[in-house]
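**Student:** Got a structure for you, questions after.
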Amino acid sequence: MRLLPLLMAIASRVLDIIPRASQWAHNGSANVPSADIFTAKLQDTGIWQDAPILKGVTRFEPSPDTKNIMITGGAGFIACWVVRHLTLTYPEYNIISFDKIDYCASLNNTRALDALPNFSFTHGDITQPDQVMYALKVHKIDTILHFAAQSHVDLSFGNSYQFTSNNVYGTHVLLECAKSHGIKKFIHVSTDEVYGEVEEDDADLSEASILAPTNPYAASKAAAEMLVNAYWKSFKLPVIIVRSNNVYGPHQFPEKVIPKFTCLLHRGSKVFLHGDGKHTRRYLYAGDAADAFDTILHKGLIGQAYNVGSVDEISNLELCSLLLKQFGYDHPEDLTKYVAHTVDRPFNDRRYAVDATKLKKLGWVQKTSFEEGLKATVEWYRKYGSTWWGDIEDVLSPFPVVEGKRVVRGGEENQKQDKE
């Protein structure tokens with residue numbers, strides 16, 4: 001009997017890279033990733049060793065009720081910033097990164113933490129209840145930050161079932177497991193897109209605004225919020241909802257506009273802009289986003305929602321000009337030379353705008369200007385963007401699609417680019 005506590009202690013420290021074969025056999029072969037793709041993702045090329053370890057700057061008094069934090073999607077973009085920040089800033093906490101290593105994730109995002117005693121990685125899928133419960137029990141999780149989601153709007157127009165499965169059903173699985181396990185705090189990461197389009201002369205939206213999503217991705221996140229609220233109302237599960245503007249910065253998979261356009265321009269290639277390019281987005285640097293989640297973790301109130309809002313609202317055309325300048329292309333004709341317009345999304349919100357006053361009252365402030373953040377981001381992708389995720393050639397095509405865990409080029413007939 002004395003072996004049992006020892007075995008449990010060892011299990012809690014092991015990097016559980018591959019789920020148990022019995023789990024996969026139980027859940028069906030559809031959940032087993034292609035061996036070659038998954039093996040390639042596990043290979044350590046050493047690129048991370050030369051990269052800076054990036055995180056936020058905030059630190060609060062550690063909570064006595066918090067010890068073991070599970071961060072879903074921890075090998076993805078925003079979550080990996082939070083993983084690094086909490087692991088390095090709070091040695092008092094054990095941080096468990098739970099991720100299925102989908103096409104947009106990379107263990108390079110957290111490899112620098114592998115040797116630290118308060119960090120561990122568990123390979124798992126939020127849509128699989130047995131994998132989630134296994135992690136919660138083995139690591140004695142008391143707090144969940146739920147980032148894992150399909151998040152690329154473009155893909156949601158063509159593969160919306162996956163968004164429902166991961167974002168809605170996956171969240172439902174987590175909530176049910178959290179309820180059964182007795183989680184003390186469940187922070188659900190949503191998006192400002194659940195509010196829908198905001199007219200140019202409309203006021204910024206508060207957390208009490210009506211949710212009116214306009215695309216399948218945003219709808220799936222709004223649906224997930226309904227479940228989160230239901231578990232708060234029905235079972236008193238201690239939840240907090242966070243809705244953020246667009247976050248950018250190093251470690252973002254180059255399917256999103258800033259890293260994608262940066263990688264293309266670094267190669268001397270043309271970028272492809274949806275529609276007329278007049279759509280605007282508010283951009284928040286990832287370090288400021290990490291600080292926001294740290295603030296909400298330590299000072300946010302249970303049962304509340306918090307907007308994370310930026311002051312930097314930029315049109316896609318303006319963004320192209322700013323990126324071109326980063327590469328020394330600052331002549332008027334360069335915009336025509338390097339930017340082509342393509343067919344727009346089925347529906348493309350003109351702008352989003354949220355009011356972050358509630359979060360600012362907790363002490364959070366946006367510290368990084370867009371100029372400063374963009375410069376740091378471009379520098380990072382110049383050094384690491386081409387190799388951090390392996391081969392990204394197809395990712396950089398105008399209309400890529402996801403097949404299983406692989407990104408491939410979409411139909412060329414959809415591009416309809418301007419002829420120069």
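**Student:** From largest accessible area down, sort W364, W48, W389; use a 1.4 Å probe on the protein chains.
**Tutor:** Final ranking, largest accessible area leading: W48, W389, W364.
**Student:** Tell me, what is the percent relative contact order of segment 221-289, built from C-alpha pairs under 8 Å that lie six or more residues apart?
**Tutor:** 36 percent
**Student:** Quick one: Karplus J couplings for segment 159-174, per residue in order, coefficients 6.51, -1.76, 1.60, θ = phi - 60°, nearest Hz, x for Gly and Pro?
**Tutor:** Computed from phi, the couplings for segment 159-174 are 9, 5, 4, 5, 5, 5, 4, 6, 7, 9, 5, x, 5, 4, 4, 4 Hz.
**Student:** Want the number for I302 to K361: 0.36 nm per residue separation, take away the alpha-carbon distance, what's left?
**Tutor:** The I302-K361 span can extend by a further 19.7 nm.
**Student:** Moving on. For M133, M70, M226, write out the residues from largest to smallest accessible area, computed with a 1.4 angstrom probe and no ligands counted.
**Tutor:** M226, M133, M70
**Student:** Also: What do you reckon, how do C263, C104 stack up by accessible area (1.4 Å probe), largest on top?
**Tutor:** Final ranking, largest accessible area leading: C104, C263.
**Student:** Quickly rank 294-305, 246-257 as a protection proxy: mean count of other C-beta atoms within 10 Å, highest first.
**Tutor:** Averaged packing, sorted descending, gives the order 246-257, 294-305.
**Student:** Can you list the residues, at least 5 places off or on another chain, whose amide H is less than 5 Å from the amide H of L205, using H built in the peptide plane?
**Tutor:** A353, V354, D355
**Student:** Quick one: what are the phi-derived ³J(HN,Hα) couplings along segment 49-66, Karplus 6.51/-1.76/1.60 with θ = phi - 60°, whole Hz, x for glycine and proline?
**Tutor:** 5, 9, 8, x, 8, 9, 7, x, 10, 6, 8, 10, 5, x, 7, x, 8, 10
**Student:** Please report the antiparallel percentage of the DSSP beta bridges confined to segment 48-409, to the nearest 5.
**Tutor:** Bridges in segment 48-409 are about 15 percent antiparallel.
**Student:** What residues qualify as long-range amide H neighbours of V239, i.e. H under 5 Å apart, gap of 5 or more or another chain, H built at 1.01 Å from N?
**Tutor:** Here the answer is F186, G303, since their amide H atoms fall under 5 Å of that of V239.
**Student:** Any of K179/K221; K55/K361; K233/K361; K55/K179 with alpha carbons more than 28 Å apart? Name them for me.
**Tutor:** Flagged as over cut-off: K55/K179.
**Student:** Sticking with this one: Please tell me the relative contact order of segment 202-336 in percent, rounded to the nearest whole number, where contacts are Cα pairs under 8 Å and at least six residues apart.
**Tutor:** So the answer I get is 30 percent.
**Student:** Hey, what did segment 48-409 get for relative contact order, percent, Cα under 8 Å, at least 6 apart?
**Tutor:** 19 percent
**Student:** Under a 5 Å amide H to amide H cut-off, with H placed in plane at 1.01 Å, what residues pair with F119 once short-range neighbours are removed?
**Tutor:** The answer is I95.
**Student:** Read phi for every residue in segment 196-207 and hand back ³J(HN,Hα) as whole Hz from Karplus 6.51 cos²θ - 1.76 cosθ + 1.60, θ = phi - 60°, with x for Gly and Pro.
**Tutor:** Once rounded to whole Hz, the list reads x, 6, 10, 5, 4, 9, 7, 6, 4, 8, 8, 5.
The values are calculated or read from the model by the stated rules, or taken from the named source; none is laboratory data. Just so it is clear, the model here is predicted, and its values are computed rather than measured. Glycine also receives a Cβ, built like all others from the backbone with ideal geometry; neighbour counts cover every protein chain displayed. Accessible surface is based on the protein model in full, side chains and every heavy atom, while ligands, DNA and RNA are left aside. Shrake-Rupley method; radii C 1.70, N 1.55, O 1.52, S 1.80 Å.
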